[in-house]
Amino acid sequence: MELGTYMRFALALLFVLALIGIVAWLARKAGLGTRIARTKGTRRRLSIVEVSPVDGKRRLVLVRRDGVEHLVLLGATSETVIETGIAAPADTATNDDSAPSISFKSQVISKMDHKGTAGSTAAASPASKGARS
């Protein structure tokens, strides 16, 4: 085969890939790339406030729903609700000093290791909220 044949093949491949990319971009712009259609002008009720890695497999996620925050520990095979009903702060500006401390992360890890349940969902009691410092 000649060099010209290889060049035509390469150009045809690039052309087809470019067409696929353009169609995908147009589909996303038209709203076909999302699972739930977004309505314009409505306020979003659900958001992720902060994500903090605990270790290689787990991370703490602070989720805000309707002005109330929930702290969830996500693992590869489990989800555990650590605390619910946290009142959202008045100002929504993010502050780097508000990240969970290392001691809190180690408390969560030790609590999960002592439980021994990988797939359970449990909420912290109000008495245990004061024990974290």
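No value in this document is a laboratory result; all are computed from the given coordinates. Predicted model, so just to flag it, every value in this text is computed and none were measured.
Structure summary
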quantity: Potential extension, Ser47-Met7 segment - 0.36 nm per residue separation minus Cα distance; calculated: 9.5 nm
quantity: Segment Val61-Ser78, extension gain: residue separation times 0.36 nm, minus the distance between their alpha carbons; calculated: 4.8 nm
